C-alpha cells in the first residue's frame, strides 16, 4: 500500500471521528434548546388561556386581539384593552354589540370596586385625620366627567399660580360646586392640600364633596382644551369647553 494512500485514510478517519465527537457534543445543547422552546410555548399558551378567561373571552378571541395589536391598530392605539380593540375591528354588528356589552359590564364592576374602596378610604380618613382635607381617589385613566355628577365644573390649576387661586376663590364665593384638578401634583396629597388651604378652600365643602380635590394625572392634556391655567371647563355634547 502506498504511503500517500495510508496518510489519506488516516486523515479521513481522524476527520470523521472529530465530526462525530462534535455532533455528539452538540446534540445535548440542541435537545436542550428544543425542550426550552417547548416549555416556553406551553407557558405562553397557559398565560394566554388565563388572560382570555380573566377577560371573559374565548381563546380564539384573545388570539385575534393579540394579532390585531401587532398590526396597525396597535401602532396607532397602543395599550387598547381587548374589548375596545375587538369592538373597533368587529366583523359583524353582532360582534360589535357583544364587545360593547362586555365592556360596559367590566366598567360597571370596576367602578363599583373603585367606589367601594373610596368609601372605605373616606371612613379611614375621617377616623385617622379628621382635621385634614381628603383627596379623592379618582381613576388615573378617567376623564373629569367620571369623578363628579353630570354637569359639574372641572377646574384645572397648578402651583405658584395666583390667577388659579383667585379663580377658585371666585367659584367658591359664588357657591359653585366643582372638581379641582392640580396639574403637576406628583400624586402628593400634602401638596394639593397645602394648595387648597392657600387658596382658601373650606374643609367643610371638601368633606361635603361640594368641592373635590384631585390629582390631575394627565387629564388636562387628555381633554385637549387649549390655553393656559387656570381652566374652568365643562363637557358640552362630548367636548370640553372653557366656561
Checklist entry - Does segment 135-169 hold any residues that are more than 24 Å from the chain's Cα centre (by Cα), over 15 Å from residue 233 (Cα atoms) and either part of a helix (DSSP H, G or I) or modelled with pLDDT under 80 (or both), and which are they? => result 162, 163, 165, 166, 169
Item to check | Enumeration of residues in segment 73-92 that are assigned to a helix (DSSP H, G or I) and within 18 Å of residue 58 (Cα to Cα) | outcome: 82, 83, 84, 85, 86, 87, 88
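Results for (1) at pLDDT 90 or above; (2) crowded, with 17+ Cβ neighbours inside 10 Å; (3) on the phi > 0 side of the Ramachandran plot, shown as yes or no for each residue.
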{"residue": "60", "(1), (2), (3)": "yes, no, no"}
{"residue": "63", "(1), (2), (3)": "yes, no, no"}
{"residue": "68", "(1), (2), (3)": "yes, yes, no"}
{"residue": "76", "(1), (2), (3)": "no, no, no"}
{"residue": "84", "(1), (2), (3)": "no, no, no"}
{"residue": "87", "(1), (2), (3)": "yes, yes, no"}
{"residue": "90", "(1), (2), (3)": "yes, no, no"}
Checklist entry - Quick check: anything in segment 110-131 under 18 Å from the mean Cα position of the chain (by Cα), modelled with pLDDT of 75 or more and surrounded by 11 or more Cβ atoms within 10 Å (Cβ to Cβ)? => result yes
Next on the checklist: Scan segment 227-236 and tell me whether some residue there is without any contact (Cβ under 8 Å) to a residue 12 or more places away in the chain, closer than 17 Å to residue 158 by Cβ and in a helix (DSSP H, G or I).
Outcome noted: no
Checklist entry - Within segment 173-187, is there a residue that is in a helix (DSSP H, G or I), more than 22 Å from residue 126 (Cα to Cα) and at pLDDT 85 or above? => result yes
Item to check | Matching entry among 68, 57 (being more than 30 Å from residue 213 (Cα to Cα), without any contact (Cβ under 8 Å) to a residue 60 or more places away in the chain, assigned to a helix (DSSP H, G or I) and in contact with a helix residue (DSSP H, G or I) (Cβ under 7 Å, 6 or more places away or on another chain)) | outcome: 68
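A quick yes/no check of all residues on (1) on the phi > 0 side of the Ramachandran plot; (2) in contact (Cβ under 8 Å) with a residue 40 or more places away in the chain:
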site	(1), (2)
160	yes, no
168	no, yes
176	no, no
189	no, yes
192	no, yes
198	no, no
206	no, yes
Item to check | residue 192 farther than 18 Å from residue 118 by Cβ and either in contact with a strand residue (DSSP E or B) (Cβ under 6 Å, 6 or more places away or on another chain) or modelled with pLDDT under 90 (or both) | outcome: no
Next on the checklist: Given the condition crowded, with 16+ Cβ neighbours inside 10 Å, on the phi > 0 side of the Ramachandran plot and modelled with pLDDT under 85, answer yes or no: does some residue in segment 213-235 qualify?
Outcome noted: yes
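The values are calculated or read from the model by the stated rules, or taken from the named source; none is laboratory data. Model, not experiment: these values are computed from the prediction. In this analysis, Cβ positions are derived from the backbone assuming ideal geometry, glycine residues included, and neighbour counts consider all displayed protein chains.
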